[in-house]
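**Q** There's a structure below that I have some questions on.
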Protein chains: 2
Amino acid sequence: MDGRDAVTHPAEVDVAVVGAGVVGLGIAWEAACSGRRVVVVDPAPGTGASFAAAGMLAAVSEYHYQEEDLLGLTLESARLWPGFARPLGTEAGNLSTPTLCVAGDAADRQALADLRAVQEAHGLGVRPLTVREARSLEPMLAPAIAGAFEITADHQVDPRRLVAAILARLGTGAVIRQRAESLVWAGDGARVVGVRLADGSELRAGETIVANGLGARELAGLPVPLPLRPVYGDILRLRVPESLRPLVTATVRGLVRGKPVYLVPRADGTLVIGATQREDGSDAVSAGGVYELLRDAQALVPAVAELELYETTARARPGTPDNAPLLGRVAARWAPGAADDGGAPPHAQDVAGLIVATGFFRHGVLLTPAAARICVDLLDGRADERWHAFRPDRFARVPHETHASYGRTA
Amino acid sequence: MDGRDAVTHPAEVDVAVVGAGVVGLGIAWEAACSGRRVVVVDPAPGTGASFAAAGMLAAVSEYHYQEEDLLGLTLESARLWPGFARPLGTEAGNLSTPTLCVAGDAADRQALADLRAVQEAHGLGVRPLTVREARSLEPMLAPAIAGAFEITADHQVDPRRLVAAILARLGTGAVIRQRAESLVWAGDGARVVGVRLADGSELRAGETIVANGLGARELAGLPVPLPLRPVYGDILRLRVPESLRPLVTATVRGLVRGKPVYLVPRADGTLVIGATQREDGSDAVSAGGVYELLRDAQALVPAVAELELYETTARARPGTPDNAPLLGRVAARWAPGAADDGGAPPHAQDVAGLIVATGFFRHGVLLTPAAARICVDLLDGRADERWHAFRPDRFARVPHETHASYGRTA
């Protein structure tokens, strides 16, 4: 088959999504809702970072200094969440509970107050509470906390239920439980026409969306290197005994001696406590991480000691150099067939048939509706200028060397 | 069938052992080695307290004040361990490593020193070490420890491997994976002739040995009440990364701010940390318990923070009023058919066909060879006067009311 065949041959599906974590499934779901025929490729759907994630929709409380570009995207996604979740009903476990940011000591309170000043400057609603007010909202908070801030805009969802709800709606025929080995390029080296699977077969698709988180590092044939690194996190799941329910009603995000910890209550009486950030290369649950989470969670809510610890999980999240996602199309100058036109303006023309959506780091669940919207807009031929800052080729300086051997179909 | 039939009818097996934890299997193994046909009854062998146990053979370091009777039994069992383990080869994971008792602070050191004085008075070898000496033996010990004592006589075994090794040698035909519902009595109410199983069938046995730990509370037809209570413990299993091996070579038992903690290194590079003692009625892993174990273990060996926490387990151990086992035969005065001869000396005659071996609390693994030896001696008609203090009917004051309905076979 040559390049012309690849173009004229009808694609087996409209959209192939590589990766069935929350982001990949969210994109697949939105694309399916747009009337397209979608297939998702993943050897083990929902078992990566999505399996661990606490699912906080925390655009405001997750805001960090000097991440204004990201803030625009997270706020947009928070705005999209209710409409995204509505057709999934209550199955996704989304709760409109607010968030309390709690300071362990005076220094932690000062740090949260400084952040609040910046948050307010961006128009984000953050309400300071006295310890008394905080404890009247959440009586299980320790008397020794130094202060609290209420963020009514930040909510939560249960990522495992979200994954299950979308998978159920897509149907088993829409999921290929295999590893995607490489992108398949048309003979002209200008267009991606699908993915090659672990069993050697090819899934032909009009558009291929690379949304497999850190797995994108092992996907051959990408036109640009994706600067992803694993940032590991330990996360605990606990069961609140009947006598202590509800332990907390809001999501409690704490800063304890400068370290973040969060307690996310689920509707089923369980509690998720996270999350450490480790770049030690170990995907095993860290004893020190578990210890610190339990210590700091107890500092905020002493009754955590009375809970059942029923699951400890460690997973890697896909980090990027600027903590923002790699989201969008890739300039054709990086494609295997592109002429060496070093002087051409970047993004003048994009590789056809390819969208990248990875690198969501700590924001995968929150950013899922925005990623889904942006991808489907791209499928429709619309590129929103606001999100150009997240293009996956923004770090590319030299042509990607590893794509060459996957550059052309036979 | 009447009583005479029960006596004359040949038993299906020589010995029925109820319970396939370490103790039950140890007894079954010893009885099988004596040439008897043995069957073990347990719906899930090795999944109770044996599954959690660290397996310390710690007659000396587990010695508590005023438990002299128990000390005699634990020392006897420690003496029997090598001969018991020998035919099992190295499969049982037994290690002859010594034990270090480490004090977290000065008060802990004083408590250990006081205990040592009593231990030495009983002829138990305990060698005080300076912090420098202790750290030269175990370089990973924290510099801040207050002192240490070496106990060369205390060793360890891996209870899960021990269970697997004995089960493999007994063969699948020797295990009935069912719950034992009740003892079966002969028509004269003076002899136990087997057990009734969950499926309604009866296993006839010349001797029935009740060795199912806390499960004995649910076994109907016992002639005396067994005063067992669940004492829960949380226990952690961690993996030592290659770069930190060996983390410790000895079993490290610590006293940290008055609380015991132990770290038991396995030959496979894992580490067992235990154990809390809770009587809160919860068989779920306690978040507070896990926190305290990690905190205190790190106080002794800070590098514990670098390990992988791969398993947390909670199990109940069978506690008794005097912390000593319920081990031996039961006086016939408690049997259903016994005349009301209140004036007869206790133990004058024992119920035939019945031996009880439960209530081993924290000492089940250590006491397994002694329990096995004592039971087989009883099968042989020999009762060692030294162990009369552990008779299961020592707490009985009134006839057991619950046995009546199970008193006679049809």
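The values are calculated or read from the model by the stated rules, or taken from the named source; none is laboratory data. In this text, all values refer to a predicted model and were calculated from it rather than measured experimentally. A quick note on method: Cβ atoms are made from the backbone with ideal geometry, for glycine too, and the neighbour counts reach across all protein chains shown. For accessibility, only protein heavy atoms count, side chains too; no ligands or nucleic acids. Shrake-Rupley method; radii C 1.70, N 1.55, O 1.52, S 1.80 Å.
**Q** Tell me which helices (runs of 4 or more DSSP H) are completely within region A:1-118 and hold 3 or more residues being farther than 25 Å from residue A:174 by Cα, or say none if there are none.
**A** A:3-8, A:68-85
**Q** Just checking, how many residues over region B:364-387 are open to solvent by 10 Å² or more (accessible area, probe 1.4 Å), within 17 Å of residue B:77 (Cβ to Cβ) and touching a residue at least 12 places away in the same chain (Cβ under 8 Å)?
**A** Going through region B:364-387 one residue at a time, the tally reaches 7.
**Q** Further question: Answer with yes or no whether residue A:221 is touching a helix residue (DSSP H, G or I) at 6+ places or on another chain (Cβ under 8 Å) and assigned by TED's automatic domain parsing to the domain that holds residue A:362.
**A** yes
**Q** Only one residue in B:105, B:158 is farther than 14 Å from residue B:61 by Cα and touching a Gly at 6+ places or on another chain (Cβ under 7 Å), so which one is that?
**A** Checking each option against the conditions leaves just B:158.
**Q** Right, next: Give the residue that is farthest from the other protein chains (Cβ to nearest Cβ), with candidates limited to residues of region B:255-268 that are open to solvent by 10 Å² or more (accessible area, probe 1.4 Å) and within 30 Å of residue B:90 (Cα to Cα).
**A** B:267
**Q** Which condition from (1) more than 30 Å from residue A:137 (Cβ to Cβ); (2) aromatic (Phe, Trp, Tyr); (3) within 14 Å of another protein chain (Cβ to nearest Cβ) is the one that residue A:360 breaks?
**A** (3)
**Q** If you scan region B:61-113, which residues turn out to be touching a Cys at 6+ places or on another chain (Cβ under 9 Å) and buried (at least 22 other Cβ atoms within 10 Å of the Cβ)?
**A** Within region B:61-113, B:61, B:112 meet the criteria.
**Q** With the checklist (1) more than 9 Å from chain B (Cβ to nearest Cβ); (2) at pLDDT 95 or above; (3) surrounded by fewer than 20 Cβ atoms within 10 Å (Cβ to Cβ) in hand, flag the one item residue A:272 doesn't pass.
**A** (3)
**Q** Can you tell me which residue in region B:281-324 is most open to solvent (accessible area, probe 1.4 Å), limited to those that are within 21 Å of the chain's Cα centre (by Cα) and facing chain A (nearest Cβ under 10 Å)?
**A** Taking the candidates together, the pick is B:283.
**Q** Among the residues of region B:324-359, write down those that are modelled with pLDDT under 95 and assigned to a strand (DSSP E or B).
**A** B:331, B:350 - these are the residues of region B:324-359 that are modelled with pLDDT under 95 and assigned to a strand (DSSP E or B).
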